Amino acid sequence: MQRKTALLVIDVQVGIVEGPEIGPVFQKEDVLQTIKKLISTARSQSIPVVYVQDLDVAAQDSAEFQIHPEIAPLSGELVIRKKATDAFQLTELHKELQAREINHLAVVGCKTEYCVDTTCRRATTLGYDVTLVADAHSTTGNDVLSAERIIAHHNALLHGLDNVSGFVMVRHSGENVFEPTHDQYR
């Protein structure tokens, strides 16, 4: 099968990354730099970069709502706005990816246990293979688990998640995450 990849950047918005109410996320500077590098690589290889923006983060005219300036989209790059934790729910994401013949997603973003997890799972049920970039997603801690443990848990939990027509591989940004390795496990 011919593979066509897109980089999916989920909810890397100022209000989530920086706070004050939701963030700052764990290792925000490292995660931002890793995502920035991946975006640059994707653009240099003509891999589509697709941004997802959560409508519930803040008022749409606020600085907190904006995609973080370190990784801001270029003119013409697709930005999908969503209300649900699932980036596909009630959005045009699936339709837009299908129109571009995308069948593999490299996923990065915020927050690990909510929108990143849910979108990865849903993508597999829609037939996409997913590469979750282990060091390019983040979150904040809670009363039970630190952010570091949440991230590690989801990297372990999602790696190999198989939903019949698509599955998740978790790989480090130092690997070529845009070249899917899924076929060798089929």
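The values are calculated or read from the model by the stated rules, or taken from the named source; none is laboratory data. This structure is a prediction, so every number in the text was calculated from the model and none was measured. When we count neighbours, we look across all protein chains shown, and the Cβ atoms used for this are built from the backbone with ideal geometry, even at glycine. When the accessible area is computed, the model is the full protein with side chains, heavy atoms only, and any ligands, DNA or RNA have been set aside. Shrake-Rupley method; radii C 1.70, N 1.55, O 1.52, S 1.80 Å.
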**Residue-averaged 222 nm ellipticity for the chain, from DSSP H runs of 4+ at -39500 (n - 2.57), nearest 500** = -7500 deg cm²/dmol
**Spin-label model distance (nm) - Ala84 vs Glu21, 7 Å beyond Cα toward Cβ** = 2.3
**Three principal axis lengths of region 1-66 [C-alpha, angstrom, descending]** = 43, 24, 19
**Request:** Could you provide, to the nearest whole Å², the per residue accessible area of the chain with probe 1.4 Å?
**Result:** 48
**Request:** Just give me a number: lysine pairs in the chain, eight or more positions apart or cross-chain, with C-alpha atoms less than 18 Å apart.
**Result:** 9
**Fill in**
Cβ-Cβ cut-off under 14 Å around Pro20, Lys and Arg +1, Asp and Glu -1: the net charge is -2
**Asked** Carbon and sulfur together cover what percent of the accessible area of the chain at a 1.4 Å probe radius?
**Response** 49
**Fill in**
Taking Cα pairs closer than 8 Å and at least 6 residues apart, the relative contact order of the chain in percent is 24
**Fill in**
With a ≥ b ≥ c from the Cα gyration tensor eigenvalues, square-rooted, and the rule rounded for a/c under 1.5, otherwise prolate when a/b > b/c and oblate otherwise, region 78-186 is oblate
**Prompt:** Once the chain is represented by equal point scatterers at the alpha-carbon sites, with solvent omitted, what log10 I(q)/I(0) does the Debye formula produce at q = 0.12, 0.13, 0.17, 0.18 Å⁻¹?
**Reply:** -0.50, -0.59, -1.06, -1.20
**Fill in**
Measuring from its Cα centre, the chain shows a charge dipole (+1 at each Lys and Arg Cβ, -1 at each Asp and Glu Cβ) which, in debye to the nearest 20, is 560
